[in-house]
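Chemist: There's a structure below that I have some questions on.
Every number in this text was worked out from the coordinates using simple rules, so none of it is lab data. The model shown is predicted, which means the values in this text are computed figures rather than measured ones. Quick reminder, even Gly has a Cβ in these numbers, built from the backbone with ideal geometry, and neighbours come from all protein chains shown.
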Amino acid sequence: MSTFLSATFCKIPALEIVKARALTSDEGLQLARDREKLMQEKEAEKKRRDDEQQAKEKKEQQLREAHAGTIVFRGALSSKNKTQLKDLAYSLNIGMEGTSKELIARINDHFDRNEALCDHPHYAGIFNHACTPVSVDLPTVTPLADVVNIESNAVSSPSQDP
């Protein structure tokens, strides 16, 4: 009597199709070595970029510490790059991590909670629309139109004298 097995009666788990092969030939072993070398080169490049980034951040931090309390900030926050926003965040003693948008939101929130900072000379230039502008004594300048009128009267006056 022959036995017929159907897939519906069989309790075999589904087989997964995988792309794997045993590399035993010299060509296969060389291919594996080349791939390993490529992966090591990629890892070394990533490590080099990470080290450069850390060195850059360390240098920026040293500059922040050296110039702490001496930087005067001016202009809209949206026009500042991430390094400038980090400088401002450091100056305000708030977190410096995150994207530019997160930094701007954190800085705006800090100024909203501490409105007295708007009058501080280091930060007054950031929010001119929200803060009282800093008074600066500027010399009086004569408008250019008045200068032209004065010169034209000076030229015409000698002809009126004779």
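Chemist: Counting residues in the stretch 27-66 as N, plug N into 2.2 N^0.38 Å and put the Cα Rg over that result.
Modeler: On the way: Rg = 17.4 Å, N = 40, 2.2 N^0.38 = 8.9 Å.
The stretch 27-66 yields a ratio of 1.95.
Chemist: Under a Cβ-Cβ cut-off of 14 Å, what is the net charge of the residues other than residue 33 that fall near it, where Lys and Arg count +1 and Asp and Glu count -1? If you can, show how the numbers build up before the last one.
Modeler: Working: positive: 35, 37; negative: 26, 27, 34, 36, 41.
Here the count lands on -3.
Chemist: So how do 99, 83 line up by other beta-carbon neighbours within 10 Å, fewest first? Don't jump to the answer; show the numbers that get you there.
Modeler: Working: 99 10, 83 14.
Going from sparsest to densest Cβ surroundings: 99, 83.
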